[in-house]
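For reference, the structure discussed in these notes is given below.
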């Protein structure tokens, strides 16, 4: 199991800074240690407890072969989320949320299939039978699709789990997952309602180092779970 960071390591990453006291969600009260300059301070010992619970659950999901979709539309989280999801072999979305990605997956799947087909045709030289103008149009269209769909190219079915590193920010994604019974793993800052998730880590969802720490830990647990699944297969 991944080593849980010490309270000092989390302090250094800024994981303890919550939001202004006026923005507090009452359900986050048990995870707030104190208030400093009208900003809530998260109880990092509680964060450690929750982190242990979340990482164990995520590892188990990976052992079971579940597909975990990483989704973040926060500019400061995009590169971290993309890198970590790629690293553990999971799909990701780091541009705007695609409405219906979970509630109307059959339609989104058609888009993904079209995107994959176009990528394949570009690679194999299929486009050469078209005029130069048509080829330029295809290329422009592909660039647009790349931005939205590149991280979803491997998604062949509705994801089993949605991982949102900023729960309050991804309200639409959380709503869709709740509606379809998709498990939610999230980072919940002091302004979020943790009850809308199945598993959550109380932590700062704005500071880059805090996001990086938590997202990489989740990705690490997924890698451990996948490695265990491979070992189990070999034993059979």
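The table for this structure:
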| item | result |
| --- | --- |
| Leading residue by the ranking (surrounded by the fewest Cβ atoms within 10 Å (Cβ to Cβ)) among those in segment 95-113 that are free of Cβ contacts under 8 Å to residues at least 24 places away in the same chain and not in a loop (DSSP other than H, G, I, E, B) | 106 |
| Candidate set from segment 84-94 (those that are outside any helix (DSSP H, G or I) and buried (at least 16 other Cβ atoms within 10 Å of the Cβ)); member that is farthest from the chain's Cα centre (by Cα) | 88 |
| Condition met for residue 55 (exposed (fewer than 13 other Cβ atoms within 10 Å of the Cβ), more than 18 Å from residue 192 (Cβ to Cβ) and at pLDDT 75 or above) | no |
| Matching residues, segment 186-216, being part of a helix (DSSP H, G or I) and either within 15 Å of residue 164 (Cβ to Cβ) or outside the structural domain of residue 171 (by TED's automatic domain parsing) (or both) | 194, 195, 196, 210, 211, 214, 215 |
| Odd one out for residue 81, checked against (1) assigned to a loop (DSSP other than H, G, I, E, B); (2) at pLDDT 95 or above | (1) |
| In segment 24-52, residue surrounded by the fewest Cβ atoms within 10 Å (Cβ to Cβ) [restricted to those that are at pLDDT 90 or above, farther than 13 Å from residue 217 by Cβ and in contact with a helix residue (DSSP H, G or I) (Cβ under 9 Å, 6 or more places away or on another chain)] | 45 |
| Filter result (part of a helix (DSSP H, G or I) and surrounded by fewer than 21 Cβ atoms within 10 Å (Cβ to Cβ)) within segment 62-72 | 63 |
| Lone unmet requirement of (1) under 30 Å from residue 230 (Cα atoms); (2) touching a strand residue (DSSP E or B) at 6+ places or on another chain (Cβ under 6 Å); (3) not in a helix (DSSP H, G or I) for residue 57 | (3) |
| Selected residue [closer than 14 Å to residue 204 by Cα and in the same structural domain as residue 213 (by TED's automatic domain parsing)] from 31, 70 | 31 |
| Flag for residue 232 being buried (at least 16 other Cβ atoms within 10 Å of the Cβ), over 16 Å from the mean Cα position of the chain (by Cα) and farther than 21 Å from residue 52 by Cβ | no |
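Yes/no per residue for (1) more than 27 Å from residue 10 (Cβ to Cβ); (2) modelled with pLDDT of 95 or more; (3) out of contact with any strand residue (DSSP E or B) (no Cβ under 6 Å at 6 or more places or on another chain); (4) crowded, with 20+ Cβ neighbours inside 10 Å:
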| site | (1), (2), (3), (4) |
| --- | --- |
| 124 | yes, no, yes, no |
| 145 | yes, no, yes, no |
| 155 | yes, yes, yes, yes |
| 165 | no, yes, no, yes |
| 198 | no, yes, no, no |
| 206 | no, no, yes, no |
| 226 | no, yes, yes, no |
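The values are calculated or read from the model by the stated rules, or taken from the named source; none is laboratory data. The model shown is predicted, which means the values in this text are computed figures rather than measured ones. Don't worry about glycine lacking a Cβ; one is built from the backbone with ideal geometry, like all the others, and counts go over all protein chains shown.
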